[in-house]
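The values are calculated or read from the model by the stated rules, or taken from the named source; none is laboratory data. Model, not experiment: these values are computed from the prediction. For neighbour counting, all protein chains shown are included, and Cβ atoms are generated from backbone atoms with ideal geometry for every residue, glycine included. Heavy atoms of the whole protein, side chains included, go into the accessibility calculation; ligands, DNA and RNA do not. Shrake-Rupley method; radii C 1.70, N 1.55, O 1.52, S 1.80 Å.
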Amino acid sequence: MRKSFFIIALATALMLIAGCGRSNRGEQAARTAKLYYDALLEGKYEEFVDGTYHRDSIRQQYRRELIDNARMFVGQQQEEHRGIREVRVSDFKIDSISSDCSVFLVFAYGDSTSEEVLVPMTEKDGIWLMK
């Protein structure tokens, strides 16, 4: 009886520890996604693009186009919503099997509206990157 109780208690503790590990990984992914978008809003377009998964394998011309697109996105948000005032983490869903996490960010716009966006993240060599 004691042995069964010990095994059940140990199994429960291990599941809780594993769950906390997933939660911590998810929190890391969420914080990293927010950092990338904060960099975007600060005009650090290169850093934002460097936060993408295929950053090492894209051609320089395509990288420049992505940087220009990021700059245009910020300008468009300025025109349509008086800019993005703040980025907040709303939620995250970590995939327990793969190295992926869905991060939900809320853009608080200058015109007092807000929007929730999904940022798919993946972990590569211990670094969270946007897909």
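Across segment 37-119, C-alpha contacts under 8 Å between residues 6 or more apart give a mean separation that, scaled by the residue count, equals a relative contact order of 21 percent. Principal axis extents of the C-alpha atoms in segment 44-87 (largest first, rounded to whole Å): 34, 19, 13.
Net length available on complete extension from Q76 to E42 is 10.7 nm, with 0.36 nm assigned per residue and the Cα-Cα distance removed. Counting only protein heavy atoms and a 1.4 Å probe, segment 17-109 has 61 square angstrom of accessible area per residue. Positive contributions from Lys and Arg (+1) and negative ones from Asp and Glu (-1), summed over other residues with Cβ under 9 Å from the Cβ of S99, come out at -1. Near the amide H of F92, within less than 5 Å, lie the amide hydrogens of F104, all on another chain or at least 5 residues away, with H placed in the peptide plane.
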